[in-house]
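Derivation of every value follows stated rules applied to the coordinates shown; laboratory data play no part. As the structure is a prediction and not an experimental result, all values here were calculated from the model. As a convention, Cβ positions derive from the backbone with ideal geometry for all residues, glycine included, and neighbour counts pool all protein chains shown.
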Amino acid sequence: MSYTVNHAPHQKFKVSVPTMMYEVIIGLLPASAAGVYFFGPRALALILTCIVSAVAAEYLVNKLMKKDQTVGDGSAVVTGLLLALCLTPTFPFYGAVLGSIFAILIGKQLFGGLGFNIFNPALVGRAFLVASFPVQMTTW
């Protein structure tokens with residue numbers, strides 16, 4: 001038996017960005033469901049607030065910069081969901097909105113959009129919130 005050694009990638013099939021993002025969303029659903037189970041409906045409201053804020057921020061940034069809309073690729077939903085899962089369950093909704101907007105504007109779009117960001121946008125939003133709301137981010 002002989003083996004052939006080739007360079008990566010070893011699996012040669014294309015996965016689109018939306019498919020990849022929706023797979024990440026599906027992967028985060030159990031953690032989101034656990035958050036709602038353990039912390040109640042406020043956790044669900046916080047998750048939805050972050051997602052809607054991130055998607056709205058991405059839509060508005062693309063509209064203002066006259067770029068093609070990328071809302072449909074799911075990356076803003078992933079950013080909002082990841083940010084929501086990093087927040088305390090009692091975190092104020094206005095802070096979640098600010099963090100989502102900051103994550104999209106500074107963490108993602110400032111560096112050129114999807115694939116060009118040097119930091120995870122959700123964690124950029126979290127760092128902003130820790131610096132802006134240290135008490136609310138560390139107590140619950």
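Would you calculate, for the chain, the mean residue ellipticity at 222 nm contributed by helices, counting each DSSP H stretch of 4 or more residues as -39,500 (n - 2.57) and dividing by all residues, to the nearest 500?
On the way: 6 runs with 85 residues, N = 140.
Per the formula, -19500 deg cm²/dmol.
Hey, fewest Cβ within 10 Å first, where do Met20, Met137, Met1 land in order?
Values: Met20 14, Met137 18, Met1 2.
Taking fewest neighbouring Cβ atoms as first place, the list is Met1, Met20, Met137.
By the gyration tensor of its Cα atoms, with a ≥ b ≥ c the square roots of the eigenvalues, what is the shape of segment 1-69: rounded for a/c under 1.5, prolate for a/b over b/c, or oblate? Don't skip to the end; give the middle numbers.
Details: a/c = 5.45, a/b = 1.49, b/c = 3.65.
Since a/c reaches 1.5 but b/c is at least a/b, the shape of segment 1-69 is classed as oblate.
Anyone know which of Ala122, Ala45, Ala54 comes out most mobile in the 10 Å Cα GNM of the chain?
Greatest mean-square fluctuation among the candidates belongs to Ala45.
Given the options Leu83, Leu110, Leu129, which has the most mean-square fluctuation in a GNM of the chain, springs set between C-alpha atoms less than 10 angstrom apart?
Result: Leu110 has the largest fluctuation of those listed.
Which of the three applies to segment 52-97, rounded, prolate or oblate, going by the alpha-carbon gyration tensor with a ≥ b ≥ c and a/c under 1.5 meaning rounded?
Details: a/c = 4.45, a/b = 2.03, b/c = 2.20.
In terms of gyration-tensor shape, oblate.
Once both axes come from the Cα atoms, what is the angle between helix 17-39 and the longest principal axis of the chain, in degrees from 0 to 90, rounded to 10?
Its long axis makes an angle of about 40 degrees.
Between Ala56, Ala84, Ala34, where does the largest GNM mean-square fluctuation fall for the chain, given springs only between Cα atoms within less than 10 Å?
Largest GNM mean-square fluctuation: Ala34.
Using only Cα atoms and rounding to the nearest 10 degrees, what angle (0 to 90) does helix 121-132 make with the longest principal axis of the chain?
Helix 121-132 sits roughly 30 degrees off the main axis of the chain.
Using the count of nearby Cβ atoms within 10 Å as a rough guide to exposure, how do Asp68, Asp73 rank from fewest to most?
Values: Asp68 6, Asp73 19.
The fewest-first ordering by Cβ neighbours comes to Asp68, Asp73.
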